[in-house]
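The values are calculated or read from the model by the stated rules, or taken from the named source; none is laboratory data. Here the structure is a predicted model, which is why all the values come from computation and not from measurement. Counting neighbours? That spans all protein chains shown, and the Cβs are built from the backbone with ideal geometry, glycine included. Accessible surface is based on the protein model in full, side chains and every heavy atom, while ligands, DNA and RNA are left aside. Shrake-Rupley method; radii C 1.70, N 1.55, O 1.52, S 1.80 Å.
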Amino acid sequence: QVQLVESGGGLVQPGGSLRLSCAASGFTFSNYGMSWYRQAAGKERELVASISTTGGSTNYAGSVKGRFIISRDNAKKMVYLQMNSLKPEDTAVYYCNARRRSVDGSQYDYWGQGTQVTVSS
């Protein structure tokens, strides 16, 4: 059974930091690119950051570049999102995503249940 379980969300003041964690199980973690998405109330889900299977390549949305860091530990089957200098506009539900594209073009996509991050004074 595939599972992605996020944790680490909560309420933080502007300028503060949070570290999100995502625990994966039920699939070969090291074969999947991992990403964090977020969805604010009334808005579409957006990609925040992604990391390659080995962790050697990362990408960030422009709005979080320089403030957030994505990382992974393949031995522990974990992916993390370190969020620094948080702003009220970072308030959203954050989702962990695992994605793999096979040689025949099939795409495998798994999602966690999400964790709420609220940035407010």
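General remarks:
- Among VAL79, VAL64, VAL48, the residue with the largest mean-square fluctuation in a Gaussian network model of the chain, with springs joining Cα atoms closer than 10 Å, is VAL64.
- Difference of contour (0.36 nm per residue) and Cα-Cα distance, VAL5 to SER30: 7.3 nm
- Our estimate of slack between VAL103 and THR53, defined as 0.36 nm per intervening residue step minus the Cα-Cα distance, is 16.4 nm.
- Solvent-accessible area, 1.4 Å probe, carbon plus sulfur percent, for the chain: 46
- Where the chain is the region considered: accessible area per residue in Å², 1.4 Å probe: 52
- In a DSSP loop and with at most 16 other Cβ atoms within 10 Å, the GluC sites (Glu not before Pro) in the stretch 9-108 are GLU44.
- Gaussian network model of the chain, springs between alpha carbon atoms under 10 Å - residue of GLN107, GLN39, GLN82 with greatest fluctuation: GLN107
- Of interest is the spacing of the C-alpha centroids, which for the stretch 52-121 and the stretch 15-38 amounts to 5 Å.
- Formal net charge of residues neighbouring SER30 (Cβ-Cβ distance under 13 Å; K, R +1; D, E -1): +3
- Both radii were evaluated on the Cα set of the chain; the Rg over Rh quotient, with Rh as the Kirkwood radius, amounts to 0.97.
- To the nearest 10, the accessible area of TYR108 is 90 Å² with a 1.4 Å probe.
- Remark: the stretch 48-58, residue by residue, has Karplus-estimated 3J(HN,Hα) of 9, 7, 9, 9, 6, 4, 8, x, x, 9, 10 Hz, where x stands for each Gly or Pro and the curve is 6.51 cos²θ - 1.76 cosθ + 1.60 at θ = phi - 60°.
- Summed side-chain charge close to ASP90 - residues other than ASP90 whose Cβ falls under 12 Å, Lys, Arg +1, Asp, Glu -1: +1
- In range of the label at SER17: residues from the stretch 83-121 whose backbone nitrogen is under 16 Å from the point 7 Å along Cα→Cβ: 83-87
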